[in-house]
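Here is the structure we will look at, set down as structure tokens.
The values are calculated or read from the model by the stated rules, or taken from the named source; none is laboratory data. This one's a predicted model, so the numbers in the text were calculated from it and none came from an experiment. Every residue, glycine among them, receives a Cβ derived from its backbone with ideal geometry; neighbour counts consider all protein chains shown.
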Amino acid sequence: MSAGTSGQGAPDLAGSSAQASASGAPDTLAFSGITVRFGGIVALQDVSFNVAVGESVGLIGPNGAGKTTLLDVAAGVRRPQAGEVRLYGRAITRASVVRRARLGVARTFQQLSLFDGMTVREHVLLGYLAGRAPNMPLRGFLSRRSRVERTARADDSPLSPGALLSRLGLERVADELAGEQSVGVVRMVDLARALASRPRVLLLDEPVSGLSEHEADDVGRVLLSLRADHELAVLVVEHNLAFARLVSDRIVALDFGEVIASGAPGDVLSSDELRRAYFGADAQEEAVIAALGPAPVVAGPDASEAGG
């Protein structure tokens, strides 16, 4: 299955050859026929698409479309009733969250969650330790903190805690409590923590939620450079469509749990399918009316006639 295969009936707006990795690289993460139900509610229905090495795929859609549910499936938080998740061709559908983390799957969260009393640096070190000793409990980190810090300081790789704190602009607050930082800083802390685990797949759940336009642009530039430098496969859920366009090589759009469009960002964002998903059944009619241009100005009665 080529990168970008969408669910049955969903338009492939970029074409299969355009969506394949230019280098012919294998697909890192693949969803095939993913179906999730909550009782009688279908959250995801036959969702299929892939993310290639070094590729960033945006996952968009209205509230309730199933985006975060699919991220939960990818991370191992939720098991689908049908379908398969594969990592580098290996089935991981039944693998636990811990197992997937060991295999290189890292995630950030829409709802930010921090450890009380821990600094920005400690949060990043925790991610670093998770990549090196994924079975160690939090108390193990606390008791071995000095040793972990020494190891991290000796690490001169681009994804070391020190390098990430610098690259993400966190050095000046590194030794301050993470819980006392602004939303923008905490988003960067969450990203740094995930990256410190040295992932092969990065799952991002609304990484710029609550950020200003300037802060969102900063996050976008960081993601683009990191993806290029480390050949990460990135799946990003985002309501901010401008940000999704900025960071995505491809976009997959969901509505009511089904793939409704997949392809190049410009094609998907301008598609009738997406307009209907966001604005309802009248979107196509509105587009036709808009294409007609402004209504002609009808002149009122001549002044002389009005007074006659």
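Across segment 39-73, the qualifying residues are those that are modelled with pLDDT of 95 or more and among the acidic types (Asp, Glu), and the one among them that is nearest to Val98 (Cα to Cα) is Asp72.
The number of residues in segment 55-106 being of a type in the set (D, E, K, R), under 29 Å from Arg245 (Cα atoms) and touching a residue at least 12 places away in the same chain (Cβ under 8 Å) comes to 6.
Taking strands (runs of 3 or more DSSP E) that do not extend beyond segment 190-308, which have at least 3 residues that are closer than 30 Å to Leu164 by Cβ and modelled with pLDDT of 85 or more? Result: 201-205, 233-237, 250-255. Across segment 80-102, the number of residues qualifying as modelled with pLDDT of 90 or more, aliphatic (A, V, I, L, M) and surrounded by 17 or more Cβ atoms within 10 Å (Cβ to Cβ) comes to 4.
Residues are listed down the side, and each one gets a yes or a no for (1) within 30 Å of Gly89 (Cβ to Cβ); (2) in the same structural domain as Val124 (by TED's automatic domain parsing):
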{"residue": "Ala152", "(1), (2)": "no, yes"}
{"residue": "Pro161", "(1), (2)": "no, yes"}
{"residue": "Arg167", "(1), (2)": "no, yes"}
{"residue": "Val173", "(1), (2)": "no, yes"}
{"residue": "Gly179", "(1), (2)": "no, yes"}
{"residue": "Leu191", "(1), (2)": "yes, yes"}
{"residue": "Glu213", "(1), (2)": "no, no"}
{"residue": "Leu224", "(1), (2)": "yes, no"}
{"residue": "Leu235", "(1), (2)": "yes, no"}
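Would segment 122-142 turn up any residue that is among the polar types (S, T, N, Q), farther than 20 Å from Thr108 by Cα and at pLDDT below 90? Checking segment 122-142: not a single residue is among the polar types (S, T, N, Q), farther than 20 Å from Thr108 by Cα and at pLDDT below 90.
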